[in-house]
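Take this structure first; my questions come after.
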Amino acid sequence: MITSTSIYIFFIILLAGILQTMTGFGFALVATPLLAFMIDPIEAIAIVLFVGTLTRIFMLYETWNDGKFSHISLIFIASIIGGLPGAYGSTGTVLLLPLTSELPY
């Protein structure tokens, strides 16, 4: 059944996809907050992650033979080396957040 919420989600994903196509980034930056206005923020994040992952899988499939891994291997290795400590460090900052929803001011 098509509801007004599903139409809203469709158009937000479409808008974010057009932005991603034009600029190369910004899908999650546009889609997540706009979706969170109508649906639960956790569901908005899950939808954005699912659609983004699906898009990247299709892009990877379509462009698999267009380049050579040897040309980007140094950048790839550096991103893995830098990404792992960054991900570990960000989990520590989440643990420091207060458990209450009250603002301190």
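What distance in nm lies between label points placed 7 Å from Cα along the C-beta direction at residue 60 and residue 73?
1.9
If you don't mind, another one. Can you give the FRET efficiency to the nearest 0.05 for residue 6 and residue 87, using r as the Cβ-Cβ distance and R₀ = 41 Å?
Calculated transfer efficiency: 0.80.
Residue-wise, which Karplus ³J(HN,Hα) couplings in Hz belong to segment 12-27, taking 6.51 cos²θ - 1.76 cosθ + 1.60, θ = phi - 60°, and x for glycine or proline?
Along segment 12-27, the couplings run 5, 5, 4, 4, 5, x, 5, 4, 4, 5, 6, 10, x, 7, x, 4 Hz.
Every number in this text was worked out from the coordinates using simple rules, so none of it is lab data. Treat the numbers as computed from the prediction; the structure is a model and nothing was measured. As a convention, Cβ positions derive from the backbone with ideal geometry for all residues, glycine included, and neighbour counts pool all protein chains shown.
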